[in-house]
């Protein structure tokens, strides 16, 4: 058995947090050489779910940025 992902958008594959590509980093901790076993079916499904979530996040990014710009500076940081 093997796992393979096709048609992962380049922007999704390249998506980084803290300077690390999210999917690449996740997979690097699950290499056969480290675990001594191939990815399990649940882990393969996790990758597919991660790809979908990152794609959705990238699609929402313009609206999230607009929302942030619309409220930026409206709060002083005080708890009322």
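Just so you know, in segment 27-42 the residues that are part of a helix (DSSP H, G or I) and in contact with a helix residue (DSSP H, G or I) (Cβ under 9 Å, 6 or more places away or on another chain) include one that is modelled with the lowest pLDDT, and it is 34.
Screening residue 46 against (1) in a helix (DSSP H, G or I); (2) in contact with a helix residue (DSSP H, G or I) (Cβ under 9 Å, 6 or more places away or on another chain); (3) at pLDDT below 90 leaves a single unmet condition, (3).
Suppose we filter segment 15-26 for residues that are part of a helix (DSSP H, G or I) and either touching a residue at least 40 places away in the same chain (Cβ under 8 Å) or loosely packed, with under 14 Cβ neighbours inside 10 Å (or both); how many remain? Result for segment 15-26: 2.
The values are calculated or read from the model by the stated rules, or taken from the named source; none is laboratory data. These numbers come from a predicted model, not from an experiment. All Cβ positions, glycine included, derive from the backbone under ideal geometry; neighbour counts span all protein chains shown.
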